[in-house]
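Below is one structure, written out as structure tokens; the observations come after it.
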Amino acid sequence: VFVFVFVFVFVFVFVFVFVFVFVFVFVFVFVFVFVFVFVFVSVSVSASSRARGRTRPPRESEDPSRRAVRAELKDDHPCGGGRMAVGRCGEKERAACGSYTIASVWMRGPAKPFTGSPIFFPVLNSIRVLSGRVSVPGSPYLGTGRSGFRCRLRVSSVRMKLLVTGGTGLIGRRLVADRLERGDHVIVVSRSAARGAKKLDAARDDRLEVVEGDPVSPGSWQDAVDGCDAVVHLAGAGILDRRWNAEYRRVLVQSRVKSAGRIAEAIEGATAPPKVLVSASAIGYYGDAGDVAVDEESPPAPDDFMADLTVQWERSASAAASDNTRVVTVRVGIVLDARGGALGGMLRPFRMFVGGPVRPGTQYLPWIHWRDLVGIVDLALVNPEARGPINGTGPNPVTMNEFCRTLGRVLRRPSWLPVPTFALRIVLGEVARHVAGGARVHPARALALGYEFDYPELRPALESLLAGSGGSPAR
């Protein structure tokens, strides 16, 4: 009996283990093959769709409900005098201006060609369409007409001459293209003039000039500041370009603090100094603030490297302030641009069906569409009331979990695989703490100055950047 029971139990356990292992292996192989085939087909379809898209005529805009035109206003503009009129149109200011040029008009509503005054009645008497190229709205000019259009005008009577550092970076290229479209003359400082000119395609526009120089070191490039109307300082080593160590910390500090000091020196020594310096800063000023709302009046985070760096950065730029030059520091948030940056890095895992939030997922992500960041820089350039820090973030920050869910819906991909903090530490080192943290940043100053965001909500912002389920970048 004992032998029989022992044999029976042994056979039963053996069969059970064999069946369990067989089922486990079968399910694992089945799931692996299914996922592999599904991802392969999806990527192939996406690539095929993008390839077909190259043969199609270019779209006028990524958003059919918004069409931009360049127009010229041949009558008195009612927004007041000055180089860049800032404010809302009103009858009392009708006779205060001379002739102005409208840099762009954005129409919210049916996309119809238009001329004449009905849309802007009774203020504008003559509008002539110059081209149908997409432009970026900047200043808060609004008009409402009989057709229900809601328009924003960007008005300039005098074209500007600007010097831009960091003009070959992601934000810099967007800004340079925007200023050239406005008719400005742009001087870009680059460590290699040849590479910078090639990257910016300087040969196509004689209003774009590339000067060789390193903003960290004094040199002949500083002479180019003299006679400029404005300077935009965007140069700085990338926060996520390398793992942090003592050497790279010095690079981060010098590329920001020291370069801002060189700009201040150039402005101080200029015979005709610029009227405004717009210097980039960072939301790292607030550190990991959790779910507490912070704005420009909030203090910097204590015992935080990025906060200390940002304080030094802004103090160095503020040294250029004088009776002739005002200084604005734009604390840049997470810029959404499908060409690169944070969003560009997140697209690949999401397209491969392995996207998900960075743990813990409850940290806030103070995002901003690149168009709105360029608009805030324009606001800082043209509005004489703009001084000191301005948060370059959108008005509705979201948590990391919500951001990834929304990105997944736009791409038609799941957001299911979270990235643990320890994995980030292995890959990024100390900087992982800043990636896993966040702050609920509010752009109080930009809103107080009258800036109206083109993309205040996350989903429309992502949809404007990503076309179709494959998430191809919109131009």
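Every number here is computed from the coordinates shown, using simple stated rules; none is lab data. All of these numbers come straight from a predicted model, not from anything done at the bench. Glycine gets a Cβ as well: all are built from the backbone with ideal geometry, and neighbour counts include every protein chain shown.
The H on the amide N of L466, modeled in the peptide plane, is under 5 Å from the matching H of A474, each at least 5 residues off or on a different chain. Taking amide hydrogens as placed 1.01 Å from N in the peptide plane, the amide H of V332 sits under 5 Å from those of S281, A282, I283, G392, each at least 5 positions away in sequence or on another chain.
Run the dipole for the range 199-280 about the Cα centre, Lys and Arg Cβ at +1, Asp and Glu Cβ at -1, nothing else charged, and hand back the magnitude in debye, nearest 20.
Details: 11 positive and 13 negative charges, 123 e Å.
I would put it at about 580 debye.
The phi torsions of the range 202-212, fed into the Karplus equation with coefficients 6.51, -1.76 and 1.60 and a -60° offset, translate into couplings of 5, 5, 7, 9, 6, 8, 10, 10, 10, 10, 7 Hz, rounded to whole numbers, with Gly and Pro shown as x. Taking amide hydrogens as placed 1.01 Å from N in the peptide plane, the amide H of G166 sits under 5 Å from those of V189, L234, A235, each at least 5 positions away in sequence or on another chain. Each 5 Å bin from zero holds the following percent of Cα-Cα pairs in the range 339-388: 5, 14, 16, 19, 15, 11, 9, 7, 4, 1. If only the Cβ of Lys and Arg carry +1 and only the Cβ of Asp and Glu carry -1, the dipole of the range 228-353 around its Cα centre is close to 680 debye. Applied to the range 231-238, the Karplus parametrisation 6.51 cos²θ - 1.76 cosθ + 1.60 on θ = phi - 60° returns per-residue 3J(HN,Hα) values of 10, 10, 9, 10, 5, x, 5, x Hz, with x for Gly and Pro.
Quote the charge dipole size of the range 358-445 about the Cα centre in Debye, to the nearest 20; the model charges only the Cβ of Lys and Arg (+1) and of Asp and Glu (-1).
Working: 11 positive and 5 negative charges, 76 e Å.
Charge dipole, the range 358-445, about its Cα centre: 360 debye, nearest 20.
Residue by residue, the range 354-363 carries 3J(HN,Hα) couplings of 10, x, x, x, 7, 5, x, x, 8, 5 Hz when phi is fed to the Karplus relation 6.51 cos²θ - 1.76 cosθ + 1.60 (θ = phi - 60°); x denotes Gly or Pro.
Treat the range 250-340 as a sphere of radius equal to its Kirkwood radius over Cα pairs and apply Stokes-Einstein at 37 °C in a medium of 0.692 mPa s; give the translational diffusion coefficient in µm²/s, rounded to a whole number. Diffusion coefficient, whole number: 230 µm²/s.
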